[in-house]
Amino acid sequence: MPEIKKIAVIGAGVMGAGIAAQAANAGLDVLLLDRVPEGAADNNVIATGAIDKLLKSKPAALMHKRNARLISPGNTTEHLTELATCDWVIEAIVENLGIKRELYQKIDAYRGQHTIVSSNTSTLPLADLTDGLSEAFRKHFLITHFFNPPRYMRLLELVTGPETAPEVEAGIRACVDYKLGKSIVTCKDTPGFIANRIGTYWLQAAVVKAIAQDIGVEEADAVLSRPAGVPKTGVFGLLDLVGLDLMPHILANLEDTLPKTDAFHQLGGSPPLLETMVAEGYTGRKGKGGFYRLNADKVKEVISLQNGKYAPVKRPRPDALGAGKKGGLRAVLEHPSALGRYAWSVLSDTLAYAAGLVPEIADDIEAVDRAMRLGYNWKYGPFELLDKLGSAWFSARLKAENRPVPALLALADGRPFYRTREGHGQHLGTDQSYHTFQRPPGVLLLEDIKRRSRPLLGNRWASVWDLGEGVACLEFHSKMNSLNPFILSVIKKALKTLPERGFKGMVIYNEGEHFSVGANIAMLLVGGMLRLWPFIRWVLKDGQTTFSTMKYGNFPVVGAPAGMALGGGCELLLHCHAVTAHAETYMGLVEAGVGIVPGWGGCKEMLSRWTAAPKAPKGPVAPVLKAFELIVQAQVSTSAAQARDMLFLQADDEIVMNRDRVLSAARDRVQVLAENFQARTPAVFHLPGPTGKAALQIGIHDFVKRGIATAHDATVAGELATVLSGAETDMMDELSEQDILSLERDIIVRLMHTAQSRARVAHMLKTGKPLRN
Ligand code: NAI
């Protein structure tokens, strides 16, 4: 099977455009086709418009604006002949069987002998889609169901038919996994596949039961979200987000296609309130509002499910949620309040429904759980939730209520759905025995390593693990992976002891949502409030020395971030010998937001990178100005690709599309570095001094005058300019790295003397947001 290099996407709507963008993010050539609207002056107008929208979309569909150049617009009247040159055609047109089949006939006439065709349908079975098409077409056809938005949702549901050729499936799997970075869940050919089958049931159950049991929208969202590990949008918030108008279509589709015996039908159709809302333009966030809306005074309001009138949102009282944090989900579901009964009725129905669908919709429970985690952002899948509640407790309660116990729950007979045996994760199969998790080749997960081994060293905030092949992995596990001196001590100890224990190198990596949000600034605040200046200096010096020891040591270290790597987390990566980044890595030196400057070598590294970069602007002040702009505006990259432009990543740092493949790639990188590893030598700097500082400050005063910057913004910017221009120096002087590091420390201490910087730190700690004072 030849490698997939060129893709055509037909249908340039929400999904087609998003899929085209992700394919372009992967570096593939994309042809984006849509129909020719009647009377159009430009036949490609729909696809061209879609590309324009991609460039403006928020959150951005493109990882880098230049990726748009890989997408060529076209139309299905003139450009179907070009399908012969494509390796894969993805159909993402309107969800209508007849229209899709009509298009497939045309695609079949024009596609190349080996061109693969897939549909992005959310509900239509493959058997129906391919009915009446040629044998060659059926051999080359499958369903690849992306989730919205395709760049950010990691799930891809894959369905093959009895005639799909194995090499066709293998080719698509490789492309989707390695290039598009998606996690593939194999589904059976049933309506709604896995995630939407269960997810739609859950949404519909939550809505109809809230109406029937007179539960408020915001109370329902509160009780169904946090206790169950569901995003805080809950059910009604999620419906507002995806669009209320989609719901009746999906419901109607499932009503038509699911067997009459399916429990889905017992929930009833679309509630009249929903229909009225859609008819009046209340389609959710894209319309006038939905279950929630902002009124003319920007006050958030919520609809009454009983009379359709809006009133300001009231936060539900914690006791209204049934139980506090302590008892967990089970206490909520056992609570005798109306809300407790509501939560139990929705969740018990949903979990029992899911338990009744294996093996009808998937071979195993792991596929179902992964689909719900990655497709609906649930923290736990249905079977993981059942384990939390206890399958015996759950079954007993169903029995006590005279409700049928699904076969899989009866088969579990009180045993957990998941367990660990001899260091391996296992799940219960429909054959009554446990099966060890199978990871695809090249997928290395720290969670697996942690199941089967003990840390080599560590403390409450960080641990070091043995990844095998002579490579260790340092993991932070502090709150939001913020960095503190205890973590620095683990880094220092690892650098000292791992080589003695025969390790070749180390990866710094974790499986949290974010690599690191930065240094724990609570230390800074305490130090500032108590005027413990030597303490602040010590914390700064500790980080600087740790990172320098790492950078100039003999032991290769590869940073492997995903998610946010901010402030101190970013500075740590700047000191690694190489970085293997997940494509969704957001890097930035955001210290100005808390009224300080980067103090763990961030200023020094940005100066040295912008001075040395081959494409960087030349001249004495130009590199200084680049570093200044990035830091003063606290710019954060919106992708790893963009981090490269900002020189947070370097040209030879690797970017990996699939989150599950980052660790393995980083381990490989360590091994390559370890061959002929040569320690680096520190940089020297020639900086412009006061004249450079003056140049950097030109803009600031204008910003203050125009009200864009505050007086304290100007103070912080001025101090940053002092560090980056090298303070009292000129281009003839030579400054060492230590000189710049010492400036970083001096300036931070000076800024922490100001009440405004202390207020910024305190505000960030309290609210998680920067204070503009
Ligand atoms: P959409 O309505 O945003 O876009 C559909 C596009 O297809 C439109 O630009 C339309 O002009 C074009 N089109 C319609 N008939 C055509 C034809 N015969 N030839 C060429 N182009 C044609 O729809 P959306 O939401 O992007 O959905 C597309 C497919 O993806 C559907 O099958 C849907 O079920 C599925 N899907 C949708 C998701 C969502 O959240 N919107 C999520 C996952 C799958």
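The values are calculated or read from the model by the stated rules, or taken from the named source; none is laboratory data. Just so you know, these numbers come straight off a predicted model, no measurement behind them. Backbone-built Cβ (ideal geometry, glycine too); neighbour counts: all protein chains shown. Side chains are part of the model used for accessible areas, which takes the heavy atoms of the whole protein and leaves out ligands, DNA and RNA. Shrake-Rupley method; radii C 1.70, N 1.55, O 1.52, S 1.80 Å.
Would you mention how many residues in the stretch 277-299 are surrounded by 12 or more Cβ atoms within 10 Å (Cβ to Cβ) and of a type in the set (D, E, K, R)?
So the count comes out to 4.
Check whether at least one residue in the stretch 183-194 is of a type in the set (Ser, Thr, Tyr) and over 30 Å from residue 89 (Cα atoms), and report yes or no. First the steps, then the outcome.
In the first step, residues of the stretch 183-194 are kept if they are of a type in the set (Ser, Thr, Tyr); the result is 183, 186, 190.
Checking the rest, the ones that are also over 30 Å from residue 89 (Cα atoms) come to none.
No, every residue in the stretch 183-194 fails to be of a type in the set (Ser, Thr, Tyr) and over 30 Å from residue 89 (Cα atoms).
Determine which single condition residue 493 fails, assuming it passes every other condition in (1) closer than 27 Å to residue 583 by Cα; (2) basic (Lys, Arg); (3) crowded, with 16+ Cβ neighbours inside 10 Å.
Against the list (1) closer than 27 Å to residue 583 by Cα; (2) basic (Lys, Arg); (3) crowded, with 16+ Cβ neighbours inside 10 Å, residue 493 comes up short only on (1).
Name the pairs: first residue in the stretch 523-542 and touching a residue at least 60 places away in the same chain (Cβ under 8 Å), second residue among the polar types (S, T, N, Q), Cβ to Cβ under 8 Å, at least 6 apart or on different chains?
From the stretch 523-542, the pairs are 528/757.
For the stretch 107-119, enumerate the residues that are buried (at least 23 other Cβ atoms within 10 Å of the Cβ) and either among the small types (Gly, Ala, Ser) or near the ligand (Cβ under 7 Å from one of its atoms) (or both).
Result: 118, 119.
Quick check, is residue 191 open to solvent by less than 10 Å² (accessible area, probe 1.4 Å), part of a loop (DSSP other than H, G, I, E, B) and within 16 Å of the ligand (Cβ to nearest atom)? Show your work before the answer.
Working: open to solvent by less than 10 Å² (accessible area, probe 1.4 Å): no; part of a loop (DSSP other than H, G, I, E, B): yes; within 16 Å of the ligand (Cβ to nearest atom): yes.
In short, no.
For the stretch 10-61, what are the residues that are open to solvent by 60 Å² or more (accessible area, probe 1.4 Å), within 25 Å of residue 241 (Cα to Cα) and within 12 Å of the ligand (Cβ to nearest atom)?
14, 53
Quick check: is even one residue across the stretch 680-696 charged (D, E, K, R), in a loop (DSSP other than H, G, I, E, B), open to solvent by 20 Å² or more (accessible area, probe 1.4 Å) and at pLDDT below 95? Walk me through it before giving the result.
Start the filter on the stretch 680-696 by keeping residues that are charged (D, E, K, R), which leaves 680, 693.
Checking the rest, the ones that are also in a loop (DSSP other than H, G, I, E, B) come to 680.
From what's left, open to solvent by 20 Å² or more (accessible area, probe 1.4 Å): 680.
Filter once more, keeping what is at pLDDT below 95: none.
No, that holds for no residue.
Could you please find all residues in the stretch 725-771 being aliphatic (A, V, I, L, M) and closer than 18 Å to residue 522 by Cβ?
Initially, the stretch 725-771 is screened for residues aliphatic (A, V, I, L, M), giving 727, 731-732, 735, 740-741, 743, 747-749, 751-752, 755, 759, 761-762, 764-765, 771.
Matches in the stretch 725-771: 748, 749, 751, 752, 755, 759, 761, 762, 764, 765, 771.
When residues of the stretch 342-381 are filtered for being under 21 Å from residue 160 (Cβ atoms), open to solvent by less than 30 Å² (accessible area, probe 1.4 Å) and part of a loop (DSSP other than H, G, I, E, B), how many remain?
4
Would you pick out the residues in the stretch 413-444 that are more than 22 Å from residue 386 (Cβ to Cβ), in contact with a helix residue (DSSP H, G or I) (Cβ under 8 Å, 6 or more places away or on another chain) and not charged (D, E, K, R)?
423, 440, 442, 443, 444
Determine, yes or no, whether residue 4 is within 11 Å of the ligand (Cβ to nearest atom) and open to solvent by less than 20 Å² (accessible area, probe 1.4 Å).
no
Which residue, of 727, 711, is without any contact (Cβ under 8 Å) to a residue 60 or more places away in the chain, exposed (fewer than 14 other Cβ atoms within 10 Å of the Cβ) and closer than 22 Å to residue 697 by Cα? Before the answer, list the steps.
Details: 727 fails: exposed (fewer than 14 other Cβ atoms within 10 Å of the Cβ).
After ruling out the rest, the residue left standing is 711.
Looking at this structure, is residue 428 at pLDDT 95 or above, under 30 Å from residue 151 (Cβ atoms) and surrounded by 22 or more Cβ atoms within 10 Å (Cβ to Cβ)? Give the derivation first.
On the way: at pLDDT 95 or above: yes; under 30 Å from residue 151 (Cβ atoms): no; surrounded by 22 or more Cβ atoms within 10 Å (Cβ to Cβ): yes.
Judged against the criteria, residue 428 is not a match.
Pairs under 7 Å by beta carbon, first residue within 22 Å of residue 243 (Cβ to Cβ) and in contact (Cβ under 8 Å) with a residue 24 or more places away in the chain in the stretch 292-317, partner of a type outside the set (Phe, Trp, Tyr) and open to solvent by 60 Å² or more (accessible area, probe 1.4 Å), six or more apart or different chains?
Close Cβ pairs satisfying both conditions: 292/300; 308/276; 313/300.
Under the condition of being within 16 Å of the ligand (Cβ to nearest atom) and over 21 Å from residue 249 (Cβ atoms), which residue from the stretch 128-148 is surrounded by the most Cβ atoms within 10 Å (Cβ to Cβ)? Walk me through how you get there before you give the answer.
Going residue by residue through the stretch 128-148, those that are within 16 Å of the ligand (Cβ to nearest atom) are 128-130, 133, 141-148.
Filter once more, keeping what is over 21 Å from residue 249 (Cβ atoms): 130, 133, 141-142.
Values: 130: 23, 133: 17, 141: 27, 142: 21.
Filtering first and then ranking leaves 141.
To keep it simple, each residue is scored yes or no on (1) farther than 22 Å from residue 356 by Cβ; (2) surrounded by fewer than 13 Cβ atoms within 10 Å (Cβ to Cβ); (3) among the acidic types (Asp, Glu); (4) touching a Phe, Trp or Tyr at 6+ places or on another chain (Cβ under 7 Å).
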{"site": "398", "(1), (2), (3), (4)": "no, no, no, no"}
{"site": "404", "(1), (2), (3), (4)": "no, yes, no, no"}
{"site": "417", "(1), (2), (3), (4)": "no, no, no, yes"}
{"site": "449", "(1), (2), (3), (4)": "yes, no, no, yes"}
{"site": "463", "(1), (2), (3), (4)": "yes, no, no, no"}
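Of all the residues that make up the stretch 144-195, how many are of a type in the set (Val, Ile, Thr), farther than 16 Å from residue 443 by Cβ and without any contact (Cβ under 8 Å) to a residue 40 or more places away in the chain?
Final tally of qualifying residues: 3.
Taking the residues in the stretch 80-106 that are in contact (Cβ under 8 Å) with a residue 60 or more places away in the chain and near the ligand (Cβ under 10 Å from one of its atoms) as candidates, determine which candidate is farthest from the chain's Cα centre (by Cα).
Initial filter on the stretch 80-106 (in contact (Cβ under 8 Å) with a residue 60 or more places away in the chain): 82-83, 85-95, 103.
Pick out the ones that are also near the ligand (Cβ under 10 Å from one of its atoms) and you get 90-95, 103.
Numbers: 90: 24, 91: 25, 92: 23, 93: 26, 94: 27, 95: 27, 103: 34 Å.
Checking each candidate, the answer is 103.
Can you tell me which residue within the stretch 197-250, out of those that are of a type in the set (Asp, Glu) and in contact (Cβ under 8 Å) with a residue 24 or more places away in the chain, is most open to solvent (accessible area, probe 1.4 Å)?
Keep residues of the stretch 197-250 that are of a type in the set (Asp, Glu), which gives 214, 218-219, 221, 240, 245.
Narrowing further to those that are in contact (Cβ under 8 Å) with a residue 24 or more places away in the chain: 214, 218-219, 240, 245.
Values: 214: 104, 218: 35, 219: 63, 240: 7, 245: 47 Å².
Restricting to residues being of a type in the set (Asp, Glu) and in contact (Cβ under 8 Å) with a residue 24 or more places away in the chain, the top hit is 214.
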